[in-house]
Structure formats: structure tokens, C-alpha cells
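In what follows, a structure is listed as C-alpha cells, so that the remarks can point back to it.
The values are calculated or read from the model by the stated rules, or taken from the named source; none is laboratory data. The structure presented is a predicted model; accordingly, all values stated were derived computationally and were not measured. Methodologically, a virtual Cβ is constructed for each residue, glycine included, from the backbone with ideal geometry; neighbour enumeration extends over all protein chains shown.
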Amino acid sequence: MNLRANSARMKGDPRILRSGRGSLGAADRLGRALGWFSIGLGLVQLLAPRQMTRSLGMQGQEGLVRAYGAREVASGVLSLSVDRSMGLQSRLLGDAADVAMLLAALRRDNPKRDNVMLALAMVAGVTVLDVVASQALKARHGRERAQPVPRSVTPHRGDRSGFPQGLARARGAARDFVVPPDFRSSPRPV
């Protein structure tokens, strides 16, 4: 399995030396658990949106709940992939969308207002876990980006000749160069 995974990596990416339960750190395990949680929640939102909207006093929003469920499943699958940090970033964006949706449901005329408050508290708790997992994964697996090498290119397009001291200085610089005898070719017959 490691051979296949290493062959699919980009040239600068680190190689997988070992895999399995023992090779996963606490951040990896938390990221995976959040991925499975996201898939489970997304499936509930996809398969039972009417019950979820009824419990939150949001009847008529079943389509929106289904769309959020599809997003949750996609984020969960991404959180279980090799690039776990991208999945956790998408989960954080989803948490923000969930909070916005729940805040809209927190109307005074909503009879299920207490359920919405409970859902907001649970989303806040999961958001804290997402932030912790994201930062821990970044600390464990993050690599600093290389700083670009500054190039000394003159600002004028016409001066980009490739000769550091200019084209005029390069002309005739090799006039006195003598080709070594072993580099010379014998004259070709015509």
C-alpha cells in the first residue's frame, strides 16, 4: 500500500514510511473521527431532512438541509483522504454556514427555539474540535513554503538578453579564444 501511495505523490511531498494505526498521531485520529462524524451527519441530513427541519422549526427548508448534507459528506470524505487538512478547512467553512442557518432559525416566533439553541451549542463544540484538529495537523504535517529566489532581472524587456553585463560587452569577448586541437574536426570533403 505504501508503494502505491508513494508513487502517486508529487516530487516534493514527503514519502510514507509506514502506515497503519500506529503511524497516526492524535491529530490524525481526531481528523479521521471528524471525517466519519461528518459523513454520518451528512447522511442523516440527506436521508431524513424532514425530521431534522421539524425538530428545528424550519419546515420548508428540506432542500437546504439536503444540500448541507451533501456538503458534509464531501467534507467527511476529504477529511478521510490523504489531504486531511483540506477536509478540515472545508468543515470549518461548513460550520460557519451551519451557524448562519441556525441563527436565521433563532426567531422569536419559532416554537423549537430551544432545539435551535442546543444545535448551535453542538455546532460550536464541533467547530472548536475542527479548529484544534486543523491546527494540530498543520503543526504535525505542515511544511513551510520555500521563499522564492530573487532574480536580478532588469526592469526593461529589451534588456533581457541573458548576458549579465549586457550584449555590447559580450560581443567579441571570445575573439581571442583558441579552439583546442582535440576539439577541432577534420575538414569535410565536399
Discussion item. Quick check on segment 41-48. Is at least one of its residues over 17 Å from residue 123 (Cβ atoms), free of Cβ contacts under 8 Å to residues at least 24 places away in the same chain and out of contact with any Pro (no Cβ under 6 Å at 6 or more places or on another chain)?
Written reply: yes
Worksheet item: If residue 103 satisfies every condition in (1) exposed (fewer than 12 other Cβ atoms within 10 Å of the Cβ); (2) at pLDDT 80 or above; (3) under 37 Å from the mean Cα position of the chain (by Cα); (4) assigned to a loop (DSSP other than H, G, I, E, B) but one, which is the exception?
Response: (4)
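Residues checked against (1) assigned to a helix (DSSP H, G or I); (2) more than 24 Å from the chain's Cα centre (by Cα); (3) crowded, with 20+ Cβ neighbours inside 10 Å:
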| site | (1), (2), (3) |
| --- | --- |
| 59 | no, yes, no |
| 67 | yes, no, no |
| 76 | yes, no, yes |
| 79 | yes, no, yes |
Fill in: Selected residue (criterion: surrounded by the most Cβ atoms within 10 Å (Cβ to Cβ)) from residues of segment 153-176 that are outside any loop (DSSP other than H, G, I, E, B) and at pLDDT 75 or above
170
Worksheet item: For residue 130, all conditions in the list (1) under 18 Å from residue 32 (Cβ atoms); (2) acidic (Asp, Glu); (3) modelled with pLDDT under 75 hold save one; what is the number of the exception?
Response: (3)
Fill in: Selection status of residue 119, surrounded by fewer than 17 Cβ atoms within 10 Å (Cβ to Cβ) and not in a loop (DSSP other than H, G, I, E, B)
no
